[in-house]
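Undergrad: Would you mind keeping the following structure in view while I ask a few things?
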Amino acid sequence: LSSGEIWRFWPLILVGFGVAKFATAKENKERHGAAWLMATGVVLLIHFLNLFGLDWGTGWPLWIIATGVIDIAFPEKTRDRGMGLFLLALGTFFLLYRTYTLPEGWERGWPLLVIFLGAVLIWQAVFAKPGSSRRHGGRREGRDHG
């Protein structure tokens, strides 16, 4: 490595801060933020080093994938894993599309993602825990909140 190219590794600083923050995190919200620092560093490193043949034009779906993975692994109270799963599928679709990995004709397959989102939303509505409805502000019925 020449001294002029070492600057391309600066995203490792973000990864280091994220690892340090993750190691000291006590709550899921703190882990969520630490995961964002690490993911940002990794995605930027992939872009700057052109790893896996991904650059800014073809690698942008990695941001959507990272959002989905973080939402699945470290959901915040107001978020659910279903949306993370949808974002993971959406980002993967766009990544495969942008890198020309999908078979010919699959560019018309995006309606499958809308169907997938609908299935996730129906699944959540059917299997939602009692008292976790947003209409009631997350309160359980029959409990005194006064």
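Undergrad: Inside segment 1-36, can you point out the residues that are closer than 13 Å to PHE74 by Cα and either open to solvent by less than 60 Å² (accessible area, probe 1.4 Å) or within 19 Å of the chain's Cα centre (by Cα) (or both)? Show your work before the answer.
TA: Narrowing segment 1-36 to residues closer than 13 Å to PHE74 by Cα: 22, 25-36.
Scanning segment 1-36 gives PHE22, ALA25, GLU27, ASN28, LYS29, GLU30, ARG31, HIS32, GLY33, ALA34, ALA35, TRP36.
Undergrad: From GLY59, GLY53, GLY131, GLY105, grab the single residue that is open to solvent by less than 40 Å² (accessible area, probe 1.4 Å) and modelled with pLDDT of 75 or more. Give the derivation first.
TA: Working: GLY53 fails: open to solvent by less than 40 Å² (accessible area, probe 1.4 Å); GLY131 fails: modelled with pLDDT of 75 or more; GLY105 fails: modelled with pLDDT of 75 or more.
The conditions single out GLY59.
Undergrad: Among all residue pairs at least 6 apart or on different chains, which show Cβ distances below 8 Å where the first residue, located in segment 94-119, is over 25 Å from TRP56 (Cβ atoms) and of a type in the set (A, V, I, L, M) and the second is loosely packed, with under 14 Cβ neighbours inside 10 Å and at pLDDT 70 or above?
TA: Note: no pairs meet the criteria.
Undergrad: Could you give me the residue pairs with C-beta distances under 9 Å whose first residue belongs to segment 51-71 and is touching a residue at least 12 places away in the same chain (Cβ under 8 Å) and in a loop (DSSP other than H, G, I, E, B), whose second residue is surrounded by fewer than 15 Cβ atoms within 10 Å (Cβ to Cβ) and among the polar types (S, T, N, Q) wherever it lies, and which are 6+ apart or on separate chains?
TA: Once the first residue is touching a residue at least 12 places away in the same chain (Cβ under 8 Å) and in a loop (DSSP other than H, G, I, E, B) and sits in segment 51-71, its partners that are surrounded by fewer than 15 Cβ atoms within 10 Å (Cβ to Cβ) and among the polar types (S, T, N, Q) give LEU54/THR99.
Undergrad: Exactly one of these conditions fails for ASP80: (1) open to solvent by 40 Å² or more (accessible area, probe 1.4 Å); (2) at pLDDT 80 or above; (3) under 21 Å from VAL114 (Cβ atoms). Give me its number.
TA: Against the list (1) open to solvent by 40 Å² or more (accessible area, probe 1.4 Å); (2) at pLDDT 80 or above; (3) under 21 Å from VAL114 (Cβ atoms), ASP80 comes up short only on (2).
Undergrad: Is it the case that segment 6-29 has a residue that's out of contact with any Gly (no Cβ under 8 Å at 6 or more places or on another chain), closer than 21 Å to GLY91 by Cβ and modelled with pLDDT of 85 or more?
TA: Checking segment 6-29: not a single residue is out of contact with any Gly (no Cβ under 8 Å at 6 or more places or on another chain), closer than 21 Å to GLY91 by Cβ and modelled with pLDDT of 85 or more.
Undergrad: Collect the residues in segment 1-50 that are of a type in the set (Lys, Arg) and without any contact (Cβ under 8 Å) to a residue 24 or more places away in the chain, keeping them in residue-number order. Before the answer, list the steps.
TA: Pass one, segment 1-50, residues of a type in the set (Lys, Arg): 8, 21, 26, 29, 31.
Across segment 1-50, the qualifying residues are LYS21, LYS26.
The values are calculated or read from the model by the stated rules, or taken from the named source; none is laboratory data. Quick caveat: nothing in here was measured; it's all calculated off a predicted structure. Backbone-built Cβ (ideal geometry, glycine too); neighbour counts: all protein chains shown. The area values use the complete protein model at the heavy-atom level, side chains included, leaving out ligands, DNA and RNA. Shrake-Rupley method; radii C 1.70, N 1.55, O 1.52, S 1.80 Å.
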